[in-house]
Amino acid sequence: MTETATAPLTGKALLAKVKELSNLPRRERAKQCGYYTVTKNNQVRVNLTDFYDALLSARGIPLSPEAPKDGRGREPTYRVSVHQNGQIVIGATYTKAMGLKPGDEFEIRLGYKHIHLIQLGESDKKLSQIDLDSDDVDEEDLEEEE
């Protein structure tokens, strides 16, 4: 097993130390900042990956996006494929990101090589119901006039 000899520096302390040690090679800088482990055989192994990750994080550049809190599930890819039954599933990750709830309704409009999903609000639902009702009335009126 390996053990970390000291707690690695992070944040502003790490940036200050790296600037102070700018004349040293990168492995030595990482070691001086605490990014190394000592094996059973007393070999020192420098962990440059964690060192660079900590440097980027200290500069405000996170490498990994926010992971799911429970660590389960897949990362959203913003790509879907058509299933064998002809359906396209958007997925819970996207519906949560959009703040959608069960029962929310959408209008589907087809375009050339794209699909528009337009979320219907309460007023839109009422209007679409009125439009459907008025379409039926217009057809009946036309039949009576003929």
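In what sequence, highest mean first, do 24-35, 102-113 appear when ranked by Cβ atoms within 10 angstrom?
24-35, 102-113
Quote the FRET efficiency, to the nearest 0.05, computed for Ala13 versus Ala97 with a Förster distance R0 of 41 Å and r equal to the Cβ-Cβ distance.
The pair Ala13/Ala97 has a calculated efficiency of 0.70.
Return the FRET efficiency for the residue pair Arg109, Asn85: r is the Cβ-Cβ distance, R0 is 22 Å, and the value is rounded to the nearest 0.05.
The pair Arg109/Asn85 has a calculated efficiency of 0.45.
In 10 Å bins starting at zero, report the fraction of Cα pairs in the stretch 3-58 per bin as a rounded %.
27, 56, 16, 1
Ranked highest first by the average count of other Cβ atoms within 10 Å around their residues, in what order do 13-21, 47-55 fall?
In decreasing order of mean packing, 13-21, 47-55 become 47-55, 13-21.
Can you work out the Karplus-derived ³J(HN,Hα) for every residue in the stretch 108-120? Use 6.51 cos²θ - 1.76 cosθ + 1.60 with θ = phi - 60°, whole Hz, and x for glycine or proline.
9, 10, 8, x, 6, 6, 8, 10, 9, 10, 10, 6, 9
Read-outs: derived from the displayed coordinates by stated rules, not from any lab. All values reported here derive from a predicted model rather than from experimental measurement. Virtual Cβ from ideal backbone geometry, glycine too; neighbours counted across all protein chains shown.
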